[in-house]
Structures are given as C-alpha cells and as structure tokens.
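Here is the structure we will look at, set down as structure tokens.
The values are calculated or read from the model by the stated rules, or taken from the named source; none is laboratory data. What you see is a predicted model, and the numbers here were worked out from it, not measured in a lab. Using ideal geometry, Cβ is built from the backbone for each residue, glycine included, and neighbour counts are taken over all protein chains shown.
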Amino acid sequence: MRLYSGPLSLFARKVEIALYEKGVDFERVEVAFTQTEGYRPKHPDVVTANPKGQVPVLVDGDLTIFDSTVILEYLEDAYPEPPLYPAGPKEKARCRLVELDADEILFVDVRRLLYRTEPPLADAERQKARQDEGQRGEKGILGHYERLAEQLGGRDYFCGAFTAADIGMFTTVHYAVRMNGPRLNDFPPLAAWYRRVCQRPSVARVVAEIAEADGRLSWPLSA
C-alpha cells in the first residue's frame, strides 16, 4: 500500500492516523511542498490519480482513490479490525456527521489562520486583509468550540468509543492549535478530549511529525 501525503497536509495526516490505528503497513510518499510555492510542482502520480491534484492519494494494489473521507471508509471496509466506525446505521451516520463537521464546517474558519506560518506579504494592504480574515476565523472557531464542547458533554469521545469522528475532528482542531487559535482550556470537555486523543500512539506520532515539518517548512508564527 502506498500513500501520497504532504508534510503539512491536514487531510493526509488524518489518513495516516487511521492507518496506524488499524496497523496497516504502508509506504509514505511525501510530495514536494514549500510555504512559498505550496504543492508545486505537483507530483505527477497525484495529478494522474486525483483531478483536483491534491493529497492524500491511496494506492492499494490495483485500486487508487483520493479524498480523506473516501479513503477512511475504504480502509474500514477492507481492513475492518479494529473498527473506526460504529456498527449501527444511526451511530455510523452520527460519526460521519462529526467528521464532515471537522472537514467542511470547522475547517472553513481554521483555514483563515493558515497564513500565520507563511511569509508575510510585501503588500501591507493585502497583509492587513488576511489578518482581518484571521480575526474572523478566530471568532468563528470560538463558536464552533462552544457547540463541540456541548456535543461532547461528559463522554471521552464523540461517539462513545474512539472513531473516525475523533480522527477527523482532532486533525482540524490540532491545526487551529498550531496556528495559535483560541485556547481550548476555555472549553473543558473539548480540552480534556484533545489531551486524551493526543495520548494515543498513532496520534502522538503524527503530531510529532507535523512539529518536525513545521521546523523545516514554516515561517515563525505571525499575527
């Protein structure tokens, strides 16, 4: 099995955690990335496999697939133990909704902070515009954290046991933390969940690798 991944790709790292959780051996192919050029030049295998030209791309024998959600669902079907989705249809649907929340709702505001590890723009007006956008992201993240903490309540994980919901949500929340986003400590259920997930060997490994990549590739955090 081969996974095309980016050193700072949130969605590729999400797939890596799932692979480690399931104990599936894989070859990791790190595509070219810099903060100034992004994923350029794009890896030819990724361009061929994914019309969007993005990682992650997973190759398992004669099957090539992309999109982190599709990959996680494939891994669950092909390598069902240990499970990363609940068994029942309603519980499974709730799990998928949390993952979708992470990818398509929370991430919208987290993405507004990603400029903080990029070189500052020479154009002061454009730099100010993305700082204003970052403030908008911070405000949005606070609202998301409040409802996520309420959703967790007193549970250890979003769906009772550790699932794909926690993997997806963790990676997005972790990127907000990386960008000096709002403090989790103001939302105790969410902060406790974050610490708990960080203790899993699969997650600790990926977090350490992201930190190493930050040291190689990221500019000092800016306001």
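Only one of VAL46, VAL59, VAL70 is in contact with a helix residue (DSSP H, G or I) (Cβ under 8 Å, 6 or more places away or on another chain) and not charged (D, E, K, R). Can you tell me which?
Every option except VAL59 fails the conditions.
Quick check: is even one residue across region 138-146 in contact with a helix residue (DSSP H, G or I) (Cβ under 6 Å, 6 or more places away or on another chain) and part of a loop (DSSP other than H, G, I, E, B)?
no
Would you mind stating whether GLY23 is modelled with pLDDT of 95 or more, of a type outside the set (Val, Ile, Thr) and farther than 25 Å from VAL177 by Cβ?
So GLY23 fits the description; yes.
If we scan region 195-204, do we find a residue that is surrounded by 19 or more Cβ atoms within 10 Å (Cβ to Cβ), assigned to a helix (DSSP H, G or I), in contact with a helix residue (DSSP H, G or I) (Cβ under 8 Å, 6 or more places away or on another chain) and outside the structural domain of ALA18 (by TED's automatic domain parsing)?
Narrowing region 195-204 to residues surrounded by 19 or more Cβ atoms within 10 Å (Cβ to Cβ): 197, 203.
Those still in the list that are assigned to a helix (DSSP H, G or I) too: 197, 203.
Okay, now just the ones that are also in contact with a helix residue (DSSP H, G or I) (Cβ under 8 Å, 6 or more places away or on another chain), so 197, 203.
Narrowing further to those that are outside the structural domain of ALA18 (by TED's automatic domain parsing): 197, 203.
The answer is yes, given that some residue of region 195-204 is surrounded by 19 or more Cβ atoms within 10 Å (Cβ to Cβ), assigned to a helix (DSSP H, G or I), in contact with a helix residue (DSSP H, G or I) (Cβ under 8 Å, 6 or more places away or on another chain) and outside the structural domain of ALA18 (by TED's automatic domain parsing).
Here's a check for you: in region 1-42, which residue that is among the hydroxyl-bearing types (Ser, Thr, Tyr) and surrounded by 21 or more Cβ atoms within 10 Å (Cβ to Cβ) is nearest to ASP103 (Cα to Cα)? Before the answer, list the steps.
Taking region 1-42 as the starting set, the residues that turn out to be among the hydroxyl-bearing types (Ser, Thr, Tyr) are 4-5, 9, 20, 34, 36, 39.
After this cut, where a residue has to be surrounded by 21 or more Cβ atoms within 10 Å (Cβ to Cβ) as well, the list is 4-5, 9.
On the way: TYR4: 19, SER5: 17, SER9: 13 Å.
Across region 1-42, the extreme among qualifying residues is SER9.
Of the conditions (1) of a type in the set (A, V, I, L, M, F, W, C); (2) over 17 Å from the mean Cα position of the chain (by Cα); (3) surrounded by 18 or more Cβ atoms within 10 Å (Cβ to Cβ), ALA176 fails just one. Which one is it?
For ALA176, the failing item is (2).
Checking GLU91 against (1) within 30 Å of GLY38 (Cβ to Cβ); (2) surrounded by 13 or more Cβ atoms within 10 Å (Cβ to Cβ), only one condition comes out false. Which one?
Just one mismatch for GLU91, condition (1).
Quick one: which residue in GLY140, GLY215, GLY154, GLY160 is surrounded by fewer than 20 Cβ atoms within 10 Å (Cβ to Cβ) and either charged (D, E, K, R) or on the phi > 0 side of the Ramachandran plot (or both)?
The unique qualifying residue is GLY160.
Can you tell me which residue is farthest from LEU217 (Cα to Cα) among those in region 24-45 that are basic (Lys, Arg) and not in a strand (DSSP E or B)?
LYS42
Mind listing whichever residues of region 110-130 are assigned to a helix (DSSP H, G or I) and either touching a helix residue (DSSP H, G or I) at 6+ places or on another chain (Cβ under 8 Å) or of a type in the set (A, V, I, L, M, F, W, C) (or both)?
Scanning region 110-130 gives VAL110, ARG111, ARG112, LEU113, LEU114, TYR115, ARG116, THR117, ALA124, ALA129, ARG130.
Across region 50-109, what is the number of residues that are in a helix (DSSP H, G or I) and either under 22 Å from TYR157 (Cα atoms) or free of Cβ contacts under 8 Å to residues at least 24 places away in the same chain (or both)?
Here the count works out to 30.
Tell me, please, whether a residue that is farther than 23 Å from ILE210 by Cα, crowded, with 17+ Cβ neighbours inside 10 Å and of a type in the set (S, T, N, Q) can be found in region 47-54.
yes
Confirm whether LEU106 is out of contact with any strand residue (DSSP E or B) (no Cβ under 8 Å at 6 or more places or on another chain), closer than 20 Å to GLY215 by Cα and at pLDDT 95 or above.
no
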